[in-house]
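Reviewing the structure listed below.
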Amino acid sequence: MIISLNWLKKFTDIDMPIDELVTLIGARLVEVEQVIDLNVKYKDTLVVRVVEAGKLEGSDHLNITKIDDGGITTDIERDKNGLIQVVCGASNIKVGQIVAWLPPRSIVPNTYNTAEQFILGSRELRGVMSNGMIASARELDLFDEHDGILELDGDITPGTLFATAYELDDYLLDIENKSLTHRPDCFGIIGFAREVAAISGKTFKTPEWLAQTSPDFNNIESSEFKLSATIDNSELSARYQAIVVSDADSNRKSPLKIQTYLSRVGVRPINAVVDVTNYLMMLTGQPLHAFDYDKLVSVGGGSADIHVRTGYNGERLALLDGRTIELDSGDIVIAAGETAIGLAGAMGGANTAIDQNTRNIIIESATFNLYNLRSTQMRHGIFSEAITRFTKGQSPELTTPVLYDAINLMGEWSGAKCVSPLAEAYPGKKPLVAISFAVDKVNGILGSSFSENDMVSTLKNAEFITESVENMNTITVTAPWWRADINIFEDVAEEIGRLNGFDNINPTLPTRDFKATRPNEFDEFRAKVRQSLVRAGANEVLSYSFIHGDILQKADHNVENSYRIVNSISPNLQYYRQTLTPSLLGLIYPNVKQGYDNFAIFEINKTHQKQHGLTDENVPIETDSISLVVTSKNKKAGSPYYQAKRIFDYLCQSFGIELAYQNIDQKTDDLLSIPFEYRRSAKLVDLRTGTIIGIIGEYKKSVARQFKLPEYSAGFEINARGLFESTKELGNRYKPLSRYPSAERDICFQVSKDLSYDRIINSLNNAVVSIDLDTAISPVDIYQPIDGETKNITIRIKLTSYDHTLTSKEANDVIDGLINSVTSQNQAIVI
C-alpha cells in the first residue's frame with residue numbers, strides 16, 4: 001500500500017523530518033518498507049506556456065513551438081522575445097496551452113532510476129534547433145496516455161516548478177499492510193492521517209463531510225427513476241446502498257491534480273466517473289462500484305430490483321476482465337432479480353458494464369462479509385484494491401458519507417446529477433460500545449505511570465469519546481464507529497500504550513515470584529512417545545492442521561466431515577484435517593523424489609472431525625492423534641504391514657502396554673479403515689477396556705496411486721488419549737532378567753488357508769496363562785502356496801524360569817501342551 005505524504009498533510013500537520021516520521025510510524029503503527037522521494041524525479045520539470053506553434057516545413061507531423069518559461073532557465077538559446085524553441089511531434093499542440101517542459105540536461109521522468117536513463121539536450125531536428133521536450137503524461141510517469149502532450153489545467157504562472165504546481169514534491173511511503181488487517185480505517189488516507197496525528201500527540205478532526213453519517217439525501221434532486229435494494233441474508237452484508245445518477249459525461253476528466261494523486265498511489269486515472277470512485281476509495285477506504293442502470297433494468301426483467309444473495313452452485317458469471325467464472329455458494333452475488341450482475345466486493349459483471357453509451361449510472365456503496373470475500377478472493381484469484389479493503393471489514397457507517405460525496409463530486413467533475421431516491425438495506429446496525437475502566441488498571445497492565453489526563457488526551461487525539469469521573473480515577477471510553485477492533489478494556493489499554501509508544505514505557509521487572517509449571521502427565525506421555533518412535537528409526541514432522549480438499553478426497557475421507565475454513569490463509573489450506581495420515585502421505589512422494597528410499601515419518605498433533613461435534617464454547621472438539629507412515633522405494637521381502645507393526649510393538653513395549661490386533665469388519669468398522677485396506681490392516685484394541693484406539697495396516701491401492709506411494713508402504717493412526725489411558729493403571733511392571741537360560745522352540749502349524757494368524761496366537765495366549773513360566777510368543781513366517789488349500793504358520797515360543805534351569809523334558813512337556821491346545825482348537829497339524 002502506498003501512502004502519499006502530501007496527501008496526509010491535507011488532513012494533519014506534519015512538521016518532522018521524513019526519517020523521524022518513518023521511524024515513528026514503524027514503532028507505533030505499521031512497518032514502512034520503502035520511502036520514495038518523488039521530488040527528485042520532477043525537480044527540473046517546468047510549467048510553460050505555448051506562445052507560438054506551426055508546422056515544420058518538410059515534416060508531416062512535427063511542429064515548431066516557442067514557449068515562455070518565465071525567463072528562469074539559464075544557459076539556453078532564446079529568440080529576441082525571450083522565448084525558447086522546441087520541436088514537438090504531438091498532434092494536440094496549440095497556442096495558449098499550459099504544458100510541462102523538460103529542459104536540456106534533465107532526465108525524462110519515466111526513465112528515472114532505470115538502467116537506461118534518458119537525459120535530454122539541445123539538438124537539431126530537420127535543421128531546426130530543439131531545446132528539451134514538451135512532455136506527455138507517460139513521459140512524466142503519471143499514467144499511460146501517450147496520444148499527445150499533457151495539457152495542464154488551471155492558470156499557472158510560466159516558470160513554476162511542475163512538482164510545486166501539482167504537489168509532486170512528495171514522499172511516498174510503501175507500507176507493509178499485513179499488520180493492518182484489523183484496521184480497515186487505515187486503508188484510507190484520512191484514517192492513516194488520523195493515526196499519524198495521534199502518534200504525534202496531535203488532535204485530529206475528521207472532515208465534516210465524512211463525520212456526517214446521516215446526510216440528507218432528500219436535498220438531492222431526484223425524479224421518477226425506480227430503484228430498490230434487498231439483502232436476502234443479513235450475514236452476507238451489514239449495509240447496502242445504491243442511487244442513480246444521470247447525464248455523466250464519460251469523456252470528461254477529473255482535475256489533473258487528482259489524477260496525479262491517484263497515479264502516485266498506484267491507481268490509473270480513467271475518466272471523471274471512475275476517478276471519483278477510486279479517489280474516494282483511496283481517501284476513505286470505502287470502495288464504490290458503478291452499474292449501467294439501463295442494462296440492469298434489462299437484465300432484471302424490466303425493474304431495477306437489486307438483491308444481495310449467495311451464488312448458486314454451478315451458476316456462471318461473466319466478469320469485467322473477460323473471464324467467465326463458476327460461482328460457489330460461498331460467493332456473495334449482486335443480482336438484478338434472479339440474474340447475477342456482479343461478484344460482490346470483487347468485480348462487476350460484463351452484463352451491466354459502463355461504456356460510451358451509458359447515460360444512467362447506479363452507484364453502489366456497501367459492506368460485505370469479509371470472510372466470504374476472503375474465500376472468494378482465493379477461489380477466483382481476484383486481488384484488486386477494492387477487495388483488499390473489503391476483506392478488512394469496513395464499518396457500515398462509512399457507506400453513507402462516501403456515497404453522498406461521490407454524488408457531489410460526480411456532479412462537479414462529470415456534470416452528473418442524482419435522479420433517484422436512495423435505495424438502502426441496513427440489517428447490521430450496531431450501537432457504539434462504551435468501556436469503563438480504572439486508570440490504575442491500565443498502568444498495571446502496561447507497567448506505565450500515565451495520569452488520567454494523559455490517557456484522556458491520548459484517546460481524544462484519535463477521536464475516541466471519553467468521559468472521566470472527577471476524583472474517581474475512572475474513565476469511560478466510546479470507540480468511534482470506524483474502530484470495530486475496540487471491544488474490551490484490554491483493547492483500550494493497548495491503544496493507550498501504542499499511541500504513546502511502548503518504547504517509552506520504562507521496563508521494570510515484576511515483583512511477584514514466578515514458578516515453572518510442571519508438564520502434565522499427557523504432555524510427558526507424548527514426549528516419551530516421541531522419544532520411542534525416534535529410537536525406532538522414525539523421523540518426526542510437523543505439518544499444517546489445514547489441508548486442501550483434494551488431499552481429503554485422495555485419502556478417501558468424506559469432505560463433508562471436515563470443517564471448512566472461510567478465511568483460509570491459502571487456497572491449498574481450506575479444511576481442518578480429520579486425521580494426520582493424509583498429511584503424512586502427502587509428504588512421502590516429495591521425499592522419495594529427493595532420493596530418500598527407505599524411511600519412516602510420524603506426527604503427533606491434533607485433528608478435528610464434524611462428527612465429534614462442538615465444545616461448550618462452540619468450537620470444534622480436538623482429538624489428539626499419533627500417526628506414522630513407513631515406506632521403502634526398494635522392494636523388500638514380506639509385507640510392509642509387519643514393518644509398521646514392528647515399530648508400533650516397540651512403542652508399546654516402551655510403555656509395557658499389551659494391545660490386541662483384531663480383524664476389521666468392513667461394515668461396522670468402515671470409517672475406521674479409511675484410508676487403509678481393511679483386508680491388510682488390523683484395529684488396535686486395549687484388552688483391559690475393550691476400547692479401539694487405532695488402526696495399523698497397508699493403504700488402499702487407490703490411495704497409494706493418488707499419493708504416488710511406493711508399493712512397500714504402511715502405517716498407523718492412533719488416538720493418543722486412548723493410548724495414554726492404556727498406560728495409566730499399569731504401575732511398575734519392571735521384572736529383572738532371569739539368571740537362568742531360556743529355552744526356545746519353533747513350531748510350524750499347518751492350517752486351513754482361511755484360518756487367520758490371530759486365531760493361532762489367541763489359542764497360544766490362552767494356553768500359556770496356566771503355565772508357571774515367563775513366555776514370549778513371536779511370529780517367524782507365514783507360507784501359503786498359490787493354489788494350496790492350506791498354509792503354514794511358524795511360531796517361536798520362548799520359555800524362561802526364574803528359579804532353575806529348564807530341562808529338555810520340562811520344556812518339551814510345556815511345548816507339547818501348547819501344541820495340543822492349538823491343534824485341538826483350530827484343526828491344525830504340526831509339520
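The values are calculated or read from the model by the stated rules, or taken from the named source; none is laboratory data. Quick caveat: nothing in here was measured; it's all calculated off a predicted structure. Using ideal geometry, Cβ is built from the backbone for each residue, glycine included, and neighbour counts are taken over all protein chains shown. All accessible areas refer to the heavy atoms of the entire protein, side chains included, with ligands and DNA or RNA removed. Shrake-Rupley method; radii C 1.70, N 1.55, O 1.52, S 1.80 Å.
Observations
- The sole residue among 148, 154, 201, 159 that is in contact (Cβ under 8 Å) with a residue 24 or more places away in the chain, in a loop (DSSP other than H, G, I, E, B), under 30 Å from residue 481 (Cβ atoms) and open to solvent by 10 Å² or more (accessible area, probe 1.4 Å) is 201.
- Any hit, region 208-220, residues being out of contact with any Lys or Arg (no Cβ under 8 Å at 6 or more places or on another chain), of a type in the set (Val, Ile, Thr) and either buried (at least 16 other Cβ atoms within 10 Å of the Cβ) or within 22 Å of residue 407 (Cα to Cα) (or both): yes
- Here the strands (runs of 3 or more DSSP E) wholly within region 724-831 that include at least 1 residues being among the polar types (S, T, N, Q), touching a helix residue (DSSP H, G or I) at 6+ places or on another chain (Cβ under 8 Å) and touching a residue at least 12 places away in the same chain (Cβ under 8 Å) are 774-783.
- Total residues in region 503-513, condition without any contact (Cβ under 8 Å) to a residue 12 or more places away in the chain and surrounded by 10 or more Cβ atoms within 10 Å (Cβ to Cβ): 1
- From the list 521, 540, 494, 467, the one residue that fits, being open to solvent by 100 Å² or more (accessible area, probe 1.4 Å) and either hydroxyl-bearing (Ser, Thr, Tyr) or within 30 Å of residue 725 (Cα to Cα) (or both), is 521.
- Of the residues examined, residue 779 is one that is touching a Phe, Trp or Tyr at 6+ places or on another chain (Cβ under 8 Å), modelled with pLDDT under 90 and not aliphatic (A, V, I, L, M).
- In region 524-537, the residue that is surrounded by the most Cβ atoms within 10 Å (Cβ to Cβ) out of those that are of a type in the set (A, V, I, L, M) and in a helix (DSSP H, G or I) is 533.
A quick yes/no check of all residues on (1) within 28 Å of the chain's Cα centre (by Cα); (2) modelled with pLDDT under 90; (3) open to solvent by 10 Å² or more (accessible area, probe 1.4 Å):
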{"position": "596", "(1), (2), (3)": "no, no, yes"}
{"position": "605", "(1), (2), (3)": "yes, no, yes"}
{"position": "614", "(1), (2), (3)": "yes, no, yes"}
{"position": "622", "(1), (2), (3)": "yes, no, yes"}
{"position": "629", "(1), (2), (3)": "no, no, no"}
{"position": "633", "(1), (2), (3)": "no, yes, yes"}
{"position": "638", "(1), (2), (3)": "no, yes, yes"}
{"position": "643", "(1), (2), (3)": "no, no, yes"}
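- One residue from 129, 133 being more than 23 Å from residue 167 (Cβ to Cβ) and touching a residue at least 12 places away in the same chain (Cβ under 8 Å): 129
- Residue, farthest from residue 483 (Cα to Cα), within region 162-179, restricted to residues that are open to solvent by less than 10 Å² (accessible area, probe 1.4 Å) and not in a strand (DSSP E or B): 162
- Failed item in (1) of a type in the set (Ser, Thr, Tyr); (2) out of contact with any Ser or Thr (no Cβ under 7 Å at 6 or more places or on another chain); (3) surrounded by fewer than 16 Cβ atoms within 10 Å (Cβ to Cβ); (4) more than 23 Å from residue 663 (Cβ to Cβ), with residue 775 passing the rest: (3)
- Exclusive hit being of a type in the set (A, V, I, L, M) and under 55 Å from the mean Cα position of the chain (by Cα), set 786, 761, 747: 761
- Selection count, region 303-333, where residues are of a type in the set (A, V, I, L, M), open to solvent by less than 50 Å² (accessible area, probe 1.4 Å) and more than 24 Å from the chain's Cα centre (by Cα): 5
- Against the numbered list (1) more than 34 Å from the chain's Cα centre (by Cα); (2) more than 20 Å from residue 423 (Cβ to Cβ); (3) buried (at least 23 other Cβ atoms within 10 Å of the Cβ), residue 245 comes up short only at (2).
- Some residue of region 255-270 being among the small types (Gly, Ala, Ser) and more than 25 Å from residue 395 (Cα to Cα): yes
- A residue that is basic (Lys, Arg) and modelled with pLDDT under 95 can be found somewhere in region 422-430.
- Hey, residue 666 modelled with pLDDT of 90 or more and under 23 Å from residue 693 (Cα atoms) or not: no
- Subset tally (residues that are crowded, with 23+ Cβ neighbours inside 10 Å and either out of contact with any helix residue (DSSP H, G or I) (no Cβ under 6 Å at 6 or more places or on another chain) or at positive phi (or both)) for region 180-189: 1
- Screening residue 177 with (1) in contact with a helix residue (DSSP H, G or I) (Cβ under 6 Å, 6 or more places away or on another chain); (2) farther than 21 Å from residue 289 by Cβ; (3) polar (S, T, N, Q) gives one miss only, at (1).
- When 752, 742 are checked against the criterion of being under 22 Å from residue 682 (Cβ atoms), surrounded by fewer than 19 Cβ atoms within 10 Å (Cβ to Cβ) and hydroxyl-bearing (Ser, Thr, Tyr), a single residue qualifies: 752.
- Selected residue (criterion: farthest from residue 150 (Cα to Cα)) from residues of region 250-269 that are touching a helix residue (DSSP H, G or I) at 6+ places or on another chain (Cβ under 8 Å) and of a type in the set (A, V, I, L, M, F, W, C): 265
- Subset tally (residues that are within 24 Å of residue 631 (Cβ to Cβ) and of a type in the set (S, T, N, Q)) for region 509-561: 6
- Matching residues, region 470-491, being surrounded by 15 or more Cβ atoms within 10 Å (Cβ to Cβ) and assigned to a helix (DSSP H, G or I): 489, 491
- The criterion of at least 3 residues that are of a type in the set (A, V, I, L, M) and on the phi < 0 side of the Ramachandran plot is met, among strands (runs of 3 or more DSSP E) falling completely within region 208-296, by 239-246.
- Residue check for residue 551: among the β-branched types (Val, Ile, Thr), part of a helix (DSSP H, G or I), within 23 Å of the chain's Cα centre (by Cα) and farther than 13 Å from residue 608 by Cα: yes
- Members of region 334-346 that are within 25 Å of the chain's Cα centre (by Cα) and assigned to a loop (DSSP other than H, G, I, E, B): 344, 345, 346
- Qualifying positions in region 469-479 - in contact with a Ser or Thr (Cβ under 7 Å, 6 or more places away or on another chain) and over 20 Å from residue 202 (Cα atoms): 474, 475, 476
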